[in-house]
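Notes for the one structure printed next.
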Amino acid sequence: MELAQETVDLAGGPVTIERGGTGPTLVMLHGGGGLRVSPLHLDLADRFEVIAFQLPGFGGTVRHDDVADTRDMARVVSQSLRQLGVERYSVLGESFGGKVATWLAIDDGEHIDAVVLESPATFRSEPLGSIPPEEIPGRMFAHPERLAGLFPPPGGDGPGGPPTDDAGPYGPDDQRLWLDELMGHSGGDDVLPHLGSIQPPVLALFGTEDGMVDPETGRIYRREVPNCHYALLYDAGHLLHLERPEAFLEIVLDFLARKGGFVAEATSGVLYP
């Protein structure tokens, strides 16, 4: 199943999406490197109507003057969905996109059926710019030696190879600065008081070897969100869907199908060793 690019025009500026598939709507929010259509998107489009956002300021798109933080970015997503006529949806947010998805669950929860957070960076206070670039692969992956096969080309639909420029997994310098500006490095203090208001079921999923976001921060979600499931994926780093694609797809599909009856219930556990 292929995805087709569309543009949604909002007052603050255009928003680029990749859309395809049939079934219940699944909104996908990328991490700090911007949207790269991967086999995961295509697999999910066999079961859902996938709407994958290229959030403003990422992937060469223009920033919106009315977006200053991740909560503003969540508003861009919800406004885009209303303009597309989407009233019910589930959401999968990766890393930076996990914090955006958390705000969506807070502010647009009455429209959301389920929330999947892949290695959400919500409670990460370390600026990306403070990490030496040569350290990033070893912190992102349990097996950095497999890096060459993990990054799909921008806009491509296959595994591809490593990025051909010096941008690395988080894109060019201006995009990394934009990411740091949006995140604010509050350590999650902006989100924490609101987590108790989240009504949709949430899955906070981390890799046991994540060196970018402490997997233990998933316990904050489990403690504060009324209906939250916290799970760990064995032998995986930060980008679960690239490093353990089969296991990641299996657990996500199981959660989206079962929601409150998800196999992990409300306790943590190491899944799919």
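The values are calculated or read from the model by the stated rules, or taken from the named source; none is laboratory data. The model shown is predicted, which means the values in this text are computed figures rather than measured ones. Here Cβ is always computed from backbone atoms with ideal geometry, including for glycine, and neighbour counts include all displayed protein chains. The area values use the complete protein model at the heavy-atom level, side chains included, leaving out ligands, DNA and RNA. Shrake-Rupley method; radii C 1.70, N 1.55, O 1.52, S 1.80 Å.
Quick look at the numbers
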item	result
GLU216, GLU145, GLU126, ranked by accessible area, largest first (probe 1.4 Å)	GLU145, GLU216, GLU126
The stretch 208-257: C-alpha pair distances exceeding 12 Å, %	66
Calculated FRET value between LEU192 and GLU246, using beta carbons and R₀ = 35 Å, to 0.05	0.55
Accessible-area value, ARG219, 1.4 Å probe, nucleic acids and ligands omitted, Å²	80
Most mobile of PRO14, PRO245, PRO56 in a GNM of the chain (Cα contacts under 10 Å)	PRO245
Selection from PRO133, ALA11, GLY33 lying farthest towards where the dipole of the chain points positive, charges on Cβ	ALA11
Counted charge near SER119, where neighbours are those whose Cβ lies closer than 12 Å (Asp, Glu -1; Lys, Arg +1)	-2
Solvent exposure, largest accessible area first (probe 1.4 Å, DNA, RNA and ligands not counted), of ARG244, ARG75, ARG63	ARG63, ARG75, ARG244
Under the span-like rule (Cα at least 18 Å along the axis, Kyte-Doolittle mean at least 0.5), DSSP H helices of the chain	245-258
Calculated [θ] (222 nm, deg cm²/dmol) that DSSP helices of n ≥ 4 give over the chain, each run adding -39,500 (n - 2.57)	-7500 deg cm²/dmol
Whole-angstrom Cα spans of the stretch 63-117 along principal axes, big to small	29, 25, 15
Heavy-atom accessible area per residue - the chain, 1.4 Å, Å²	40
Solvent exposure ordering (accessible area, 1.4 Å, most first) of GLU49, GLU135	GLU135, GLU49
Compactness index (Cα Rg / 2.2 N^0.38 Å), the stretch 166-259	1.22
Evaluated over the chain, the Cα radius of gyration and Dmax, each in Å	16.8, 47
Carbon and sulfur %, accessible surface of the stretch 68-129 computed with the full protein complex present, 1.4 Å	44
Separation of the ASP113 and ALA257 label points, Cα + 7 Å toward Cβ, nm	1.4
HIS185-MET1 FRET efficiency (beta carbon distance; Förster radius 35 Å; 0.05 resolution)	0.40
For the stretch 1-66, alpha-carbon Rg relative to the globular expectation (2.2 N^0.38 Å, N residues)	1.11
Cα-projected label distance for VAL62 with ASP173, points at 7 Å along beta-carbon direction, nm	2.4
